[in-house]
Amino acid sequence: MNPGIPPTPQAGKMVTPEKVAARLRGEKRVLAITHEAPDGDALGCISAFLLMADRLGLDSRAYVPGFAAFPDEYLFLPRVDGVLRGAPPEVDQETTVYMLDCASLMRSNGHQLAEGAVRVNIDHHQDNPAYGEFNLLDSAAPSTTAILYAVFRAGGFPMDVDIATALYVGLVTDTGRFQYSNTTAEAHRMAAELQNEGVDVNAVYREVYESTPLAKLMLLERALCHLEIRLGGALVVSWLGPDDFAKTGAHEGQAEGIIDTLRRIQGVRVAALIKERSGPEHADCKVSLRSTDGSVNVALMAGKLGGGGHVRAAGFNCEASVGWLMDWVENEVRASP
Ligand SMILES: [Mn+2]
């Protein structure tokens, strides 16, 4: 069998927050996993999960694929500094794996885990194929931390200010500071409840949105220089190459958020950012897609090249040139209704 190609996931059992809470309470060892190139929701989940595991007296670890540094704005979250990187860790029979915010097994290396590992899949991506043995999926949830919060509440688990803050970081970032279309009344209620637990909203704002390293802004400048407007303004596409990272001193994680600047441009329906990565072993591109009004389903687009995500935010990796990918995205957007 080719180890690079995962077996087709069989849809597993759907479970409730109460079921997951009961299971969690009875665990001995847990391993939390989130997707490569983690965002605020992914790292908020990891931090909140590990902190809660401590409070429940569980032996816990966390793993994120890849070696690229995490975005600076989330490094203040407790426990993210101890996350395992690189190849997936060994998992014994007594360990349950909690997959958090992972739309697919591929993007989280979950398919490389030891045979027989029990996976609890907790996620809000609408294209999640329920690959876990147990699945708690809610595509209406504004963030995966919101689902985790439902689990903690269902179990009557003790909250504290650090756990609440980690959950809040996932919520505030995945809702675009409570401005995206996934910002439900429930999202505001959760924010209010977390604030009652002691979350310092302004302190989180300063950590996440006002602690930008200069190198990151210089990377944005480069992305704006490479920007191309296509399809009469409906598509904005830009790219960053190894040179851009070298000249600014920025690392890959610092490209997060650039796509959100591109999508702000008047008249844009789809924004795309292509990051060209060249390593000693392989060169590939990481493509991020955003749909501003939801009229173009970028999750469907990303799915055609092995990626996935949400209707308005998706991505994929591809071994193709920047020029080819720009044209491919243009053709896809032109062909969509
Ligand atoms: Mn998320």
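Give me, ordered by chain and number, the residues 5 or more places off MET99 or on other chains with an amide H under 5 Å from its own placed amide H.
For MET99, whose amide H was placed from the backbone, the distant partners under 5 Å are ILE33, VAL120, ASN121, ILE122.
Using the Cα centre of the chain as the reference point, and only Cβ charges (+1 on K/R, -1 on D/E), how large is the resulting charge dipole? Debye, rounded to the nearest 20. List each step's numbers first, then the result.
Numbers: 30 positive and 43 negative charges, 107 e Å.
The calculation lands at about 520 debye.
Is the stretch 13-209 rounded, prolate or oblate when judged by the Cα gyration tensor, a ≥ b ≥ c being the square roots of its eigenvalues, rounded requiring a/c under 1.5 and prolate requiring a/b larger than b/c?
It is rounded, given that a/c, with a ≥ b ≥ c, falls under 1.5.
Calculate how many DSSP beta bridges within the stretch 13-209 are antiparallel, expressed in % of all such bridges and rounded to the nearest 5.
If I count the DSSP bridges inside the stretch 13-209, around 5 percent turn out antiparallel.
Under 1.5 on a/c is rounded, so check that first for the stretch 90-165, then, if it is not, pick prolate when a/b is larger than b/c and oblate when it is not; a ≥ b ≥ c are the square roots of the alpha carbon gyration tensor eigenvalues. Let's see the in-between values first.
On the way: a/c = 2.18, a/b = 1.37, b/c = 1.60.
Oblate, since a/c reaches 1.5 and b/c is not below a/b.
What FRET efficiency would be calculated for the residue pair ARG177, ASP81, taking the C-beta separation as r and a Förster radius of 25 Å, to the nearest 0.05?
It comes out at approximately 0.50.
ARG153 versus GLU94, label points 7 Å from Cα toward the beta carbon: distance in nm?
Rounded to a tenth, the inter-label distance reads 3.4 nm.
Whole-Hz ³J(HN,Hα) for each residue in the stretch 207-216, computed from phi via Karplus 6.51 cos²θ - 1.76 cosθ + 1.60 with θ = phi - 60°, x for glycine and proline: what do you get?
5, 8, 10, 10, 10, 6, x, 4, 4, 5
Based only on the alpha carbon positions, what is the Kirkwood hydrodynamic radius of the stretch 25-79, in angstrom?
11.7 Å
State, to one decimal in nm, how far the label point of SER295 lies from the label point of HIS188, with both points 7 Å from Cα in the Cβ direction.
2.8 nm
Taking 41 Å as R0, compute the FRET efficiency from the Cβ-Cβ separation of CYS225 and GLU115 and round it to 0.05.
That pair, CYS225 with GLU115, gives E of 0.25.
Let a ≥ b ≥ c be the square roots of the eigenvalues of the Cα gyration tensor of the stretch 214-335; is it rounded (a/c under 1.5), or, if not, prolate (a/b larger than b/c) or oblate?
Taking the square roots of the gyration eigenvalues as a ≥ b ≥ c, the stretch 214-335 is oblate.
What are the ³J(HN,Hα) couplings of the stretch 166-174, residue after residue, when phi is run through the Karplus curve with 6.51, -1.76, 1.60 and θ = phi - 60°? Round to Hz, x for glycine and proline.
5, 5, 5, 4, x, 5, 5, 7, 6
Show that you can apply the helix-only estimate: for the chain, add -39,500 (n - 2.57) for every DSSP H stretch of four or more residues, divide by all residues, and state [θ] at 222 nm to the nearest 500.
Dividing the helical sum by the residues of the chain leaves -10500 deg cm²/dmol.
By average Cβ neighbour count within 10 Å, what is the ranking of 167-178, 40-51 from highest down?
Ranked by mean Cβ neighbours within 10 Å, highest first: 40-51, 167-178.
Just how large is the dipole of the stretch 288-336 about the Cα centre, in debye to the nearest 20, putting +1 at every Lys and Arg Cβ and -1 at every Asp and Glu Cβ?
On the way: 4 positive and 5 negative charges, 32 e Å.
Once rounded to the nearest 20, the dipole reads 160 debye.
For the stretch 214-335, give the magnitude of the charge dipole about the Cα centre (Cβ charges: +1 Lys/Arg, -1 Asp/Glu; no others), in debye to the nearest 20.
It comes to approximately 400 debye.
Sort out for me the Cα centre separation of the stretch 20-63 from the stretch 263-327, rounded to whole Å.
The two parts, judged by their Cα centres, are 29 Å apart.
Can you work out the Karplus-derived ³J(HN,Hα) for every residue in the stretch 266-271? Use 6.51 cos²θ - 1.76 cosθ + 1.60 with θ = phi - 60°, whole Hz, and x for glycine or proline.
Listing the rounded values in order: 3, x, 6, 9, 10, 10 Hz.
For the chain, max minus min Cα coordinate along each principal axis, in Å, sorted largest first?
Sorted largest first, the three principal extents are 55, 51, 40 Å.
We did not get these values from a lab; they are worked out from the coordinates using the rules stated. Since we're looking at a predicted model, the values are computed, not measured. Every residue, glycine as well, gets a Cβ built from its backbone with ideal geometry; the counts of neighbours run over all protein chains shown.
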